[in-house]
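First the structure, in the form of structure tokens, and then the observations on it.
The values are calculated or read from the model by the stated rules, or taken from the named source; none is laboratory data. Since we're looking at a predicted model, the values are computed, not measured. Glycine also receives a Cβ, built like all others from the backbone with ideal geometry; neighbour counts cover every protein chain displayed.
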Amino acid sequence: MRWLLVFALGACTQSIEPAPVKPRHVLPRQTTFTAPPGFTRLRMLVPPVLARESLEKSYARLIDYLSRALGVPVELVIADSYEDVVVRTRAGDFDVVMLSPHTYALAVESRPLPCLVQMIGDGSATAAGYIVVREDSPIRTLADLPGARFGFVDRASTSGFIYAVKVMLDSGIDPRKHLQSMEFLGNHEAVLLAVLEGRVDAGATYQGSLSSLKRSREIDPLSFRIIAKTERTPRDILCARPGLPESVREELRRLLMVLTVRDRVGRELLTPMSVNGFQPPDDAAYDGVRKVAAEIQAWDERP
């Protein structure tokens with residue numbers, strides 16, 4: 001089964017770029033950091049939440065900020081899939097990794113990770129998922145979904161699959177029985193574009209995807225209609241490789257915790273990521289995700 005593949009593998013792991021932040025603004029509340037011996041670069045692994053070029057653009061200012069502050073190059077590594085980010089994380093093939101809620105739950109099943117911060121966005125440490133259609137679609141509620149062509153993100157995506165399936169099942173709609181087709185499109189941006197272009201009738205995505213699509217492709221969020229919202233889940237969490245020096249982990253935590261959109265520098269760095277700031281991590285906040293994921297796994301494995 002597809003679910004078993006994720007767990008089995010895990011057991012082994014032309015748009016204009018934004019102008020760089022001016023050096024005099026890039027290090028709020030700076031302290032002197034001396035890189036420990038042998039620490040010459042930092043690889044930040046992220047799941048393919050958006051298209052590659054959109055992710056590179058959204059992370060560019062933060063990567064520049066961390067590179068300047070740490071005094072070493074910071075490299076953004078975009079995983080090939082949600083499964084790939086779980087495999088790489090479990091294999092230790094990263095220095096820090098930004099994990100979506102379900103990929104975090106999968107990645108730490110084998111062993112816990114030292115986690116640094118959780119994201120805050122739209123003023124909250126939690127977010128909902130959306131089921132969307134085109135604004136002119138005849139589909140207006142979940143009850144209209146039977147017979148539709150549906151676009152999911154990835155089986156390990158929290159809002160792009162797990163919670164979207166749950167909201168359908170809770171409404172009496174079994175996606176495998178009642179949808180005309182299900183397609184897995186790899187990232188949230190691809191789902192929205194498939195809906196907009198009429199390749200699917202409806203799709204599952206995360207709360208911030210519409211604003212991200214507006215920034216990356218200048219597509220009006222009002223081009224879509226939200227027909228359902230999922231339960232809220234905690235946002236993404238940044239974790240470190242267990243062998244990353246403690247001094248680096250502490251400096252990364254400090255550098256991120258001081259960022260906030262309440263000041264100009266924070267807005268420059270965080271707004272492209274649809275982030276307001278960061279808070280201390282809390283593993284227990286992801287227990288609800290673990291519970292729902294187990295329910296959907298059981299559904300997905302039924303004959």
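Computed values, structure above
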| quantity | calculated |
| --- | --- |
| Residues being buried (at least 17 other Cβ atoms within 10 Å of the Cβ) and over 20 Å from MET257 (Cα atoms) - total across the range 42-93 | 21 |
| Residue that is nearest to the chain's Cα centre (by Cα) [pool: residues in the range 249-277 that are surrounded by fewer than 16 Cβ atoms within 10 Å (Cβ to Cβ) and of a type in the set (Lys, Arg)] | ARG267 |
| Selected residue (only one of ASP122, ASP170, ASP174 is under 15 Å from the mean Cα position of the chain (by Cα), charged (D, E, K, R) and within 25 Å of VAL289 (Cβ to Cβ)) | ASP122 |
| Total residues in the range 56-85, condition more than 15 Å from ARG43 (Cβ to Cβ) and part of a helix (DSSP H, G or I) | 10 |
| Selected residue [surrounded by fewer than 22 Cβ atoms within 10 Å (Cβ to Cβ), farther than 23 Å from GLY123 by Cα, of a type in the set (Asp, Glu) and under 21 Å from the mean Cα position of the chain (by Cα)] from GLU246, GLU197, GLU183 | GLU183 |
| Single residue of GLU189, GLU218, GLU183 found to be over 17 Å from VAL133 (Cα atoms) and charged (D, E, K, R) | GLU218 |
| Residues of the range 101-144 that turn out to be among the charged types (D, E, K, R) and over 30 Å from GLU197 (Cα atoms), as a count | 2 |
| Checklist (1) loosely packed, with under 15 Cβ neighbours inside 10 Å; (2) out of contact with any Pro (no Cβ under 7 Å at 6 or more places or on another chain); (3) in a helix (DSSP H, G or I) applied to GLY172, failing item | (3) |
| Number of positions in the range 278-303 that are over 18 Å from the mean Cα position of the chain (by Cα) and more than 30 Å from THR260 (Cα to Cα) | 11 |
| ARG134 of a type in the set (Lys, Arg) and either at pLDDT below 95 or under 25 Å from GLY277 (Cβ atoms) (or both) | no |
| Any hit, the range 98-113, residues being closer than 18 Å to TYR206 by Cβ, out of contact with any helix residue (DSSP H, G or I) (no Cβ under 7 Å at 6 or more places or on another chain), of a type outside the set (Val, Ile, Thr) and not assigned by TED's automatic domain parsing to the domain that holds ASN187 | yes |
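One line per residue, one yes/no per condition, for (1) in a loop (DSSP other than H, G, I, E, B); (2) under 30 Å from ILE219 (Cβ atoms); (3) in contact with a His (Cβ under 7 Å, 6 or more places away or on another chain); (4) hydroxyl-bearing (Ser, Thr, Tyr):
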| residue | (1), (2), (3), (4) |
| --- | --- |
| VAL87 | no, no, no, no |
| ASP93 | yes, no, no, no |
| GLU109 | yes, no, no, no |
| ILE131 | no, yes, no, no |
| ASP136 | yes, yes, no, no |
